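First comes the structure, then the notes that go with it.
The values are calculated or read from the model by the stated rules, or taken from the named source; none is laboratory data. Note that the coordinates shown come from a computational prediction; the quantities given were computed from them, not determined experimentally. Here Cβ is always computed from backbone atoms with ideal geometry, including for glycine, and neighbour counts include all displayed protein chains.
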Amino acid sequence: MKPNIAFVTGGYSGEAVVSYQSALTIEKNLDRKKYNIYTIDITREGWFYTADGEKQVVDKNEFTIKSGGKTIHFDAVLIGIHGTPGEDGKLQGYFDMLDLPYTSCDAATSALTFNKSYTVSIAAFRGIAVARSVLLIRGQFENADKLIAGLKFPVFVKPNNGGSSIGMSRVNSASEELGFAIEKAFKEDDQVLIEEFIEGREFTIGVFKKGGKIITLPITEVISKKEFFDYEAKYTKGMAEEITPAVIPGDLADKISGNAINVYRVFNCSGIVRMDFIYKEAEGVPYLLEINTVPGQSEASLVPQQVRAMGWTLTEFYSALIEEALLKKA
């Protein structure tokens, strides 16, 4: 019998729009000859499965649906939700309680890496190069200028939790509107990270596990046509030049790939994870910027580019992620 796979999309945050963009690519490339695929939309209004124009509510007690007069139990879950609750560990904890395997990092790793400040703190503790930063928590600071006095400008101001660069700003000097950038970030989150700018070339790399072995995808170099790689640059065609595979010497490629594998191990990652690095040439060191545990899968996204550059089809890739999840159940 073919395994029943729940593909979850949607979400509770502004990143839901990215989830639906990813869903278009993922659904088009899932192997329905190997799996019974059921797409489930998870929203604040409810969890729904739609078939033949009929919308039904998912039974959250068992995470089951009705189809063809039968109750459908799932063998694994393919997580395609960016932001909460699919990227921050909430859904993962729920599925863990149901003993249902899924294609992303576990609850602890997802929650940890969703928090940028915790991520860079642990990375630094484990000897991974990261930018210096300061965390602001709403209602727990009086003067932001004093707190960031030890940082060098320019700095990036960003929501501490979340992805997709929503609410992110670059502030080039102390005389600029730091307060405006902080206010913008606080609209997205109750915590704001202010981080030193690292000058260098920006690289991003997908990492996943197949048969227990950690595999790195070809590296992409990102050259933004804006001042930095923000939400618009990420998701608007033509706003950034993305070179896959990156045109770099073999030793640099090995260094970035090696760092990515180390980060994957340190944070106990699972499934497909995309990591962003800035390579500071003067030091010969890749600085870790971010870990994305549910990276974008839209046509404009980086991981699909890297999968194709590796010589795989997206169908092969998503099947590999599903098979790895099914191994956990076995």
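Summary table
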quantity: All positions within segment 89-103 that are surrounded by 22 or more Cβ atoms within 10 Å (Cβ to Cβ) and in contact with a helix residue (DSSP H, G or I) (Cβ under 6 Å, 6 or more places away or on another chain); calculated: Gly89, Gln92, Tyr102, Thr103
quantity: Filter result for the condition that a residue is touching a residue at least 60 places away in the same chain (Cβ under 8 Å), out of contact with any His (no Cβ under 8 Å at 6 or more places or on another chain) and small (Gly, Ala, Ser), over Ala246, Ala260, Ala300; calculated: Ala300
quantity: Residue match in segment 290-299 (condition: assigned to a loop (DSSP other than H, G, I, E, B) and more than 30 Å from Ala16 (Cβ to Cβ)); calculated: no
quantity: Scan of segment 89-118 for residues that are under 18 Å from Phe208 (Cα atoms) and of a type in the set (D, E, K, R), ordered by number; calculated: Asp106
quantity: Residue check for Val307: assigned to a helix (DSSP H, G or I) and surrounded by 21 or more Cβ atoms within 10 Å (Cβ to Cβ); calculated: yes
quantity: Residue in segment 177-215 that is nearest to Trp312 (Cα to Cα), counting only those that are in a strand (DSSP E or B) and without any contact (Cβ under 8 Å) to a residue 60 or more places away in the chain; calculated: Ile215
quantity: Single residue of Leu112, Leu135, Leu91 found to be touching a Leu at 6+ places or on another chain (Cβ under 7 Å) and among the hydrophobic types (A, V, I, L, M, F, W, C); calculated: Leu135
quantity: Residue check, Tyr20 touching a residue at least 60 places away in the same chain (Cβ under 8 Å), of a type in the set (Ser, Thr, Tyr), within 27 Å of Pro159 (Cα to Cα) and surrounded by fewer than 19 Cβ atoms within 10 Å (Cβ to Cβ); calculated: no
quantity: Within segment 77-113, tally of residues that are within 10 Å of the chain's Cα centre (by Cα), of a type in the set (Val, Ile, Thr) and farther than 14 Å from Phe267 by Cα; calculated: 1
quantity: Odd one out for Ala107, checked against (1) buried (at least 18 other Cβ atoms within 10 Å of the Cβ); (2) in contact with a Gly (Cβ under 8 Å, 6 or more places away or on another chain); (3) touching a residue at least 24 places away in the same chain (Cβ under 8 Å); calculated: (3)
quantity: Selected residue (criterion: nearest to Trp312 (Cα to Cα)) from residues of segment 23-58 that are free of Cβ contacts under 8 Å to residues at least 60 places away in the same chain and of a type in the set (Val, Ile, Thr); calculated: Ile37
quantity: Hey, Lys210 out of contact with any Cys (no Cβ under 8 Å at 6 or more places or on another chain), assigned by TED's automatic domain parsing to the domain that holds Asn259 and surrounded by fewer than 20 Cβ atoms within 10 Å (Cβ to Cβ) or not; calculated: yes
quantity: Members of segment 140-170 found to be within 30 Å of Gln297 (Cα to Cα) and either part of a loop (DSSP other than H, G, I, E, B) or of a type in the set (Val, Ile, Thr) (or both), listed by number; calculated: Val155, Val157, Asn160, Gly162, Gly163, Ser164, Ser165, Ile166, Gly167, Met168
